Amino acid sequence: MEWFLGGLTLLLGFYMAWNIGANDVANAMGTSVGSKALTLRKAVYLAAILEFAGAFLVGSNVSETIQKGIIDPTVFSADPMLFVLGMMGSLLATGILLQIASYLALPISTTHAIVGAVIGFGLVIGGVDAVCWTGVGSIVASWIISPLLSGIISYFLFGLIQKKILYALNPIEATQKLLPILVFSCFFTIFISLLHGGIPQLHISFSGLSSVSLSASLALVAYFFSYKFVQTIASPKLEPASGFHPDQAVSLEKALKHLQRAHLSNHNESYQEQFTNAFNHIRSLTETVKKNTQFPRCHTQYQSVEKLFVFLQILSACLIAFAHGANDVANAIGPVAAVINVLKTRSLSSYAPVPSWLLILGGSGIVIGLATWGWRVIETIGKKITELTPTRGFSAEFGAAITILLASKLGLPISSTHALVGAVLGVGLNRGLQALNLQMLREIVISWIVTIPLCALLSILAFYSLKYLWIFIS
């Protein structure tokens, strides 16, 4: 009857991967759809290629952590079948919870769910000693670090774009200088994550220095082409001297406030008249600048900048889709690999190899899930947390992608949901709390909190159901 369990496990793994695609891939494409950089159809096609590539080429590292970093398989050595049924129950429970969350359009953490499920059946079958609390502790710590790190990166990246481009006197000219550097950063991140340590599935290996050199060389090629491209974009001529840039009005407003503060705090009567004259002069100048500020010209330039950043955001969407496939495919195939290994060897081990065909199965399930049901959560990520533009969306995606890829290389199953929501928050906070939909954020956080205990409970119920089914058919 091992063939029956093996087939059922593959089916449950595919079902789990389908739900990852329906819920979690919104993390990769939600910001791009929300900022209108991509249509939903194009986002699905793009994610299909990149998610599959990330899962197949880099996905094995985290899969090994899911197998052996949460519970100790040797605790079940007396009855390996209990371990098999427990892992199957974890897949079923996580898939069900994800499907419910997708129906409610809530972006919950797939990683939270599978870890909670594995802990649940581990505690019931093997007790407290069955859980690798040290490994679980590092995983939980990564869930806290990931939104903080991605939020900080996105906050400062969008702050840099604001300062150097959006607040510049000539935004397009500033974009022509900064955008190629950002393109280089994106391509270097993609290639170094792919090449560092080699690609085991393709039997390709690189030394540390050669992977850095090759990644930098390929990124320089991208820098050159992007530099040539942005130079072809004509920078509109500035308005005549009679017109003013909005930043000049903002700067004068700030100067007026500082001068008023200095005026009020002055106790030297001999300078009182000079302070008054200076204040009145700056106030008059500020009113004149406000009346003659050329908002239409500036608005046109900002629109041109956002159009340029559409290409960069599509690039960052590719980056985060690749990163997501690399990290989260493990949530579906880690338990499957462990079960297949037990059924094949009829014994438990601390390591189960992840065959390439299993990575293909997981990647395919993710892609189909996105194509059939992913639009629900995409709307939440892209439209309901904060208003996104291509510059904001790029900042959020790039910050989250760096965090996820770093964790994938370290073998940490972090929450890509946490990473991207943290990044979107970081971008939103750059514009103040009023830019955030706090009610939607509250709903998301509550769903995160209940994920682990709820999935643990569902896993226990699924385990006992599968156990009785196994007893019945055998």
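The values are calculated or read from the model by the stated rules, or taken from the named source; none is laboratory data. What you see is a predicted model; the values in this text were computed from it and never measured. Cβ placement follows ideal geometry from the backbone for every residue including glycine, while neighbour counts extend to all protein chains displayed.
Each row is one residue, and each column tells you yes or no for (1) β-branched (Val, Ile, Thr); (2) surrounded by 24 or more Cβ atoms within 10 Å (Cβ to Cβ); (3) within 25 Å of residue 313 (Cα to Cα).
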{"residue": "88", "(1), (2), (3)": "no, yes, no"}
{"residue": "130", "(1), (2), (3)": "no, no, no"}
{"residue": "137", "(1), (2), (3)": "no, no, no"}
{"residue": "158", "(1), (2), (3)": "no, yes, yes"}
{"residue": "170", "(1), (2), (3)": "no, no, yes"}
{"residue": "174", "(1), (2), (3)": "no, no, yes"}
{"residue": "185", "(1), (2), (3)": "no, no, yes"}
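Could you go through region 172-188 and let me know if any residue there is touching a Gly at 6+ places or on another chain (Cβ under 8 Å) and β-branched (Val, Ile, Thr).
No, every residue in region 172-188 fails to be touching a Gly at 6+ places or on another chain (Cβ under 8 Å) and β-branched (Val, Ile, Thr).
Filter region 71-91 for residues that are β-branched (Val, Ile, Thr) and at pLDDT below 75 and give the result.
If the condition is that a residue be β-branched (Val, Ile, Thr) and at pLDDT below 75, then 74 is the only one that fits.
Of all residues in region 121-157, how many are of a type in the set (A, V, I, L, M) and within 24 Å of residue 400 (Cβ to Cβ)?
Looking only at that region, the number is 11.
Against the conditions (1) within 20 Å of the chain's Cα centre (by Cα); (2) without any contact (Cβ under 8 Å) to a residue 24 or more places away in the chain, where does residue 174 fall short? Just the number, please.
Residue 174 satisfies every listed condition except (1).
Say we look at region 222-263 and pick out the residues that are in contact with a Phe, Trp or Tyr (Cβ under 9 Å, 6 or more places away or on another chain) and at pLDDT below 75; which of these is nearest to residue 276 (Cα to Cα)?
By that ranking, first place goes to 263.
Restricting the search to region 123-142, which residues are modelled with pLDDT under 75 and touching a helix residue (DSSP H, G or I) at 6+ places or on another chain (Cβ under 8 Å)?
Residues satisfying the conditions are 135, 136, 139, 142.
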